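Only one structure is covered here, and it is reproduced in the block below.
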């Protein structure tokens, strides 16, 4: 499954992409933090979905999610700073949502830092609605997580 644009292609993650995902995370302090090489472990886990946006030069963004039965969770979405606001996050989100839908998922969840207003607006634009809050969920700095959910239709 690939979404094409003149500037990038969305495709499934390959192990050789792992160092670029780490570099993207270094540029993305608002994204969910990961331990070194966590994307490699996630890629090997059952139910995991990983997609990257790739330009002619390198990987420019990624999305990681996991499916459990008929529900799924978006774990992380990040795009290189220089590539933001060019449709990559939307293309990545659509790719993983399509994959979840094909896999029989009926509902998708995620959490986002309360202060991350651009991400909140992005998810709301894509049909996610706030469903709750987790107090002091994030560290460095301590911050609440806002919980969002979205129903998927066939």
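Just one of (1) modelled with pLDDT of 90 or more; (2) surrounded by 14 or more Cβ atoms within 10 Å (Cβ to Cβ) fails for residue 24. It is (1). From the set of residues in segment 61-70 that are touching a helix residue (DSSP H, G or I) at 6+ places or on another chain (Cβ under 9 Å) and surrounded by fewer than 21 Cβ atoms within 10 Å (Cβ to Cβ), which is farthest from residue 7 (Cα to Cα)? Within segment 61-70, the match that is farthest from residue 7 (Cα to Cα) is 67.
Kindly indicate whether residue 92 is surrounded by 13 or more Cβ atoms within 10 Å (Cβ to Cβ), in a strand (DSSP E or B) and modelled with pLDDT of 95 or more. Against the criterion (surrounded by 13 or more Cβ atoms within 10 Å (Cβ to Cβ), in a strand (DSSP E or B) and modelled with pLDDT of 95 or more), residue 92 does not qualify. The condition of being without any contact (Cβ under 8 Å) to a residue 40 or more places away in the chain and surrounded by fewer than 17 Cβ atoms within 10 Å (Cβ to Cβ) holds for only one of 133, 101, that being 133.
Candidates in segment 27-72 are the residues that are assigned to a helix (DSSP H, G or I) and over 15 Å from the mean Cα position of the chain (by Cα); of these, the one that is modelled with the lowest pLDDT is 40.
The values are calculated or read from the model by the stated rules, or taken from the named source; none is laboratory data. Computed from a predicted structure; not experimentally measured. Ideal geometry is used to build each Cβ from the backbone, glycine not excepted, and the neighbour counts take in all protein chains shown.
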